[in-house]
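S.K.: Just passing along the structure, written as structure tokens.
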Amino acid sequence: MAYTGPGNGGGWSTGGPGVRPHAYDPTQQPELFRGVLTRRMIAFLIDLLVLSVPVILGVIFIFLFGIVTLGLGWALFWLVSPAAVIWAIVYYGATIGGPNSATIGMRMMDLELRTWYGAPGYFVLGAVHAVCFWISVSVLSPFVLLVGLFNGRRRLLHDFVLGTVVINTSVRAQLSEPARTW
């Protein structure tokens with residue numbers, strides 16, 4: 001930090017770029033947030049189905065492998081929980097970090113995750129977004145969803161923590177989109 005002095009604005013400065021404004025304003029672009037909470041819940045159910053199919057197939061495989069090996073293969077059941085967690089983190093990270101910045105369910109519901117200043121999602125953001133969601137729902141139960149009813153951008157608790165916003169992309173073609181930041 002450096003002191004800019006009385007002639008240069010008179011205050012302390014970090015020397016970094018200024019604070020970025022929010023890219024999506026609910027008062028100027030209300031159509032971006034119309035129906036987002038309902039669409040997010042349906043997208044979550046679709047994603048839950050996408051996540052559960054490989055896990056169920058893995059459990060069936062381990063069960064049949066256990067029968068073939070006279071019970072020895074059933075020792076692999078301990079891998080199901082860690083594998084399911086890793087699969088979910090990779091799924092959310094890869095899909096939100098992909099070119100669409102959305103999971104399969106979000107794409108089906110015309111939703112997209114962006115940072116609050118308009119940049120697309122990336123792998124780590126998607127993975128941490130999923131972890132924060134599951135932790136907040138585990139601790140606070142579904143009451144975490146109520147936060148979205150009381151703010152204009154329809155952000156949930158984990159969106160505030162991570163600085164993300166989910167927008168309705170079905171109307172985005174009519175609006176000007178902020179440029180990518182990379």
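Each value in this text was obtained by applying a stated rule to the coordinates, not by laboratory testing. Quick caveat, the model's predicted, so the values are computed rather than measured. Don't worry about glycine lacking a Cβ; one is built from the backbone with ideal geometry, like all the others, and counts go over all protein chains shown.
S.K.: Say each of Val171 and Ala94 gets a label point 7 Å from the Cα, pointing the same way as Cα to Cβ; how far apart are those two points in nm?
M.R.: According to this spin-label approximation, the distance is 3.4 nm.
S.K.: Let me ask another. Could you tell me the ratio Rg/Rh of the range 29-171? Both radii from Cα atoms, Rh via Kirkwood. Don't skip to the answer; put the middle values down first.
M.R.: Numbers: Rg = 17.4 Å, Rh = 16.3 Å.
Computed over Cα atoms, the ratio is 1.07.
S.K.: Could you work out how far apart the two model spin labels at Val50 and Phe143 are, taking each label as a point 7 Å from the Cα in the direction of the beta carbon, and quote it in nm?
M.R.: About 3.1 nm separates the two model spin labels.
S.K.: Kirkwood hydrodynamic radius (Cα pairs, Å) of the range 51-124?
M.R.: Numbers: mean 1/r = 0.0705 Å⁻¹.
14.2 Å is the Kirkwood radius here.
S.K.: Another question, if that's okay. Ranked from highest to lowest mean number of other Cβ atoms within 10 Å per residue, what is the order of the peptides 31-42, 67-78? If you can, show how the numbers build up before the last one.
M.R.: On the way: 31-42: 17.5, 67-78: 11.7.
So the peptides 31-42, 67-78, ranked by packing, come out 31-42, 67-78.
S.K.: Which FRET efficiency value, to the nearest 0.05, do you get for Leu64 and Met108 by plugging their Cβ-Cβ distance into 1/(1 + (r/R0)^6) with R0 = 25 Å?
M.R.: Working: r = 32 Å, r/R0 = 1.27.
The computed FRET efficiency comes out at 0.20.
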